[in-house]
Amino acid sequence: MRRFPVRLAVGACAGALAAAAVAPSSLHAQGFGVYEQGACTMARAGAAVASSCNDGSAIYFNPAGIVAGPDSGPATLISAGGTLVGARGGFTDRFTGLESRLQDKFVPVPNLYLTHRIRPNLAAGIGLFAPYGLTIDWDPTSQGRFLAYHSRIAGVYIQPTVAYKFLDDRVSLGAGFDLSYVGVGLKQRVDLAAQTLPTGATFGMLGVPTGTDFANVEVSGHGIGAGYHLGTQIKVTDRIQLGARYLSRQLIKVNSATAKITQIETGLATATALPGIPAGTPYDALVAPQFADGGPLSDQGGSTYLRFPDQLVLGVAVKPFERATLEFDYQYTWWSVFDQLVLSFDRLGTRVQHEGYRNRSTFRLGGEYALTDATALRLGWYTHKGAAPAETVTPLLPEGDRTSVTAGIGTRLGSAFRVDVAYQYIDQADRRGRTTDGGLAVPTAAINNGLYMFHAHLIGATFAYAF
């Protein structure tokens with residue numbers, strides 16, 4: 001076997017850890033952001049920077065909002081909730097017509113907030129939320145399994161927050177410190193036919209059929225990052241409010257990743273004799289030493305880093321009449337920080353993977369109408385372009401231009417308890433992408449081999465208690 005080493009290792013496992021780092025993404029938001037951090041604001045399509053919901057979610061949507069409410073009434077509020085994300089979609093190969101489908105499931109995204117008014121003009125709080133995250137599951141036999149058939153991230157932020165209002169309560173300022181814990185995971189198959197021999201030939205040239213699974217790679221890891229969050233709300237008149245917030249970027253170092261690599265039996269054998277290898281020799285026996293302890297495809301550790309982008313949101317809230325509020329938010333996200341991945345492995349060396357994300361804008365419009373003093377109806381709409389360039393639209397994140405509509409209702413039960421529910425539908429434009437890297441170090445859109453289709457149903461609920 002020493003005369004017949006397999007040069008597949010870097011392509012297989014480096015791609016796997018790359019995917020694990022790419023997996024920090026979300027099928028229901030731009031790039032890999034998650035904006036559904038409270039059912040009240042979710043029902044308004046995320047428009048909340050100028051006028052916050054009274055459920056503690058201002059810790060995420062605008063830290064200044066935790067002190068912007070009325071000075072009287074309960075001083076402490078605790079809320080808990082989450083969103084169920086049901087991604088639906090698939091991929092159709094434009095050459096063969098073969099279809100692959102996302103597995104139908106709902107993935108929970110939780111949030112928890114606690115706020116306390118220390119004085120009429122001073123409040124503090126702490127939030128637990130996941131502004132970046134993803135779970136994508138394809139069938140293990142899907143066309144894109146050699147890039148990924150499962151990818152997951154759980155990026156959880158803990159944010160202690162303080163806010164202060166002044167100038168006759170017309171200006172509020174807020175700030176928070178963000179500590180994040182990020183866990184990533186990926187599952188990927190490796191195609192024997194595509195692997196290269198020292199001679200330059202591939203196993204496919206020796207008769208191995210394209211799409212022959214011979215290894216399964218499972219990568220997992222975690223890292224910690226830190227950042228900050230600033231916000232302000234300004235009451236211009238009794239009917240007009242302005243708001244702004246800035247969430248800083250974060251650098252997440254994943255220094256403890258592990259790659260578990262398992263051989264898959266192919267049952268194939270060499271059809272003709274090769275130098276030093278007689279005809280009929282099982283390919284499984286030829287590659288088996290690569291999986292042995294110390295081999296390039298044995299279980300090993302790795303490391304990488306990724307960046308969570310910074311966000312700037314500007315907004316205005318207008319009350320056209322007493323019971324109605326309209327909000328418009330403009331969000332700019334610096335997705336360009338996700339330009340490349342540098343991946344290092346114990347035995348596979350280092351690889352740089354191109355991502356090339358682009359900065360993008362999101363436009364959000366939301367409205368709320370108070371049916372009574374206790375119950376409100378909400379509607380919303382938003383739109384944005386995809387952050388991923390054409391050459392990086394893959395099974396990991398088949399993202400495209402999206403438009404979403406939202407609706408919800410909130411009601412107070414008694415004097416202390418409140419419930420908010422929301423529904424969101426995401427419609428994504430079909431987008432060309434790929435299920436293979438084509439053997440290229442830097443893939444291009446020219447190798448895109450099919451069409452990704454996607455939509456999603458989201459259901460959110462928040463339960464708040466004031467005392």
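The values are calculated or read from the model by the stated rules, or taken from the named source; none is laboratory data. Please read these numbers as outputs of a predicted model, since none were measured by experiment. Cβ placement follows ideal geometry from the backbone for every residue including glycine, while neighbour counts extend to all protein chains displayed. In case anyone asks, the SASA skips ligands and DNA or RNA and just uses the protein heavy atoms, side chains included. Shrake-Rupley method; radii C 1.70, N 1.55, O 1.52, S 1.80 Å.
Brief remarks follow.
- Filtered by the rule that a residue be in contact (Cβ under 8 Å) with a residue 40 or more places away in the chain and over 21 Å from T96 (Cβ atoms), segment 424-440 gives Q424, I426, Q428.
- Considering segment 401-416, the residues that are modelled with pLDDT under 95 and over 27 Å from the mean Cα position of the chain (by Cα) include one that is surrounded by the fewest Cβ atoms within 10 Å (Cβ to Cβ), namely G414.
- Candidates S172, S220, S180, S151 - the one that is of a type in the set (G, A, S) and more than 19 Å from the chain's Cα centre (by Cα): S172
- Tallying residues that are among the basic types (K, R), farther than 21 Å from A75 by Cβ and in a strand (DSSP E or B) within segment 96-133 yields 1.
- Of all residues making up segment 220-231, the number that are over 28 Å from F166 (Cβ atoms) and open to solvent by 60 Å² or more (accessible area, probe 1.4 Å): 2
- Answer from V208, V217 - the residue that is assigned to a strand (DSSP E or B), in contact (Cβ under 8 Å) with a residue 40 or more places away in the chain and crowded, with 16+ Cβ neighbours inside 10 Å: V217
- Residue check for S336: outside any loop (DSSP other than H, G, I, E, B), more than 21 Å from T196 (Cβ to Cβ), open to solvent by 10 Å² or more (accessible area, probe 1.4 Å) and modelled with pLDDT of 90 or more: yes
- Number of the exception - I234 against (1) among the β-branched types (V, I, T); (2) more than 30 Å from I59 (Cα to Cα); (3) surrounded by 15 or more Cβ atoms within 10 Å (Cβ to Cβ): (2)
- Any chance Y157 is closer than 20 Å to H229 by Cβ, over 24 Å from the mean Cα position of the chain (by Cα) and of a type outside the set (K, R): no
- Subset of segment 95-126 that is in contact with a Leu (Cβ under 7 Å, 6 or more places away or on another chain) and surrounded by 21 or more Cβ atoms within 10 Å (Cβ to Cβ) - its residue that is nearest to H222 (Cα to Cα): N111
- On inspection, D178 does not qualify as part of a strand (DSSP E or B), free of Cβ contacts under 8 Å to residues at least 40 places away in the same chain and either touching a Leu at 6+ places or on another chain (Cβ under 8 Å) or within 26 Å of Y452 (Cβ to Cβ) (or both).
- Checking each residue in segment 266-311 for being open to solvent by 60 Å² or more (accessible area, probe 1.4 Å), closer than 30 Å to A154 by Cβ and in a strand (DSSP E or B) picks out Y305, R307.
- Cross-chain or 6+ apart pairs with Cβ under 6 Å, segment 50-62 first and among the acidic types (D, E), then at pLDDT 95 or above and not in a loop (DSSP other than H, G, I, E, B): D55/C40; D55/S79; D55/T462; D55/A464
- Any hit, segment 451-467, residues being open to solvent by less than 10 Å² (accessible area, probe 1.4 Å) and over 18 Å from the mean Cα position of the chain (by Cα): yes
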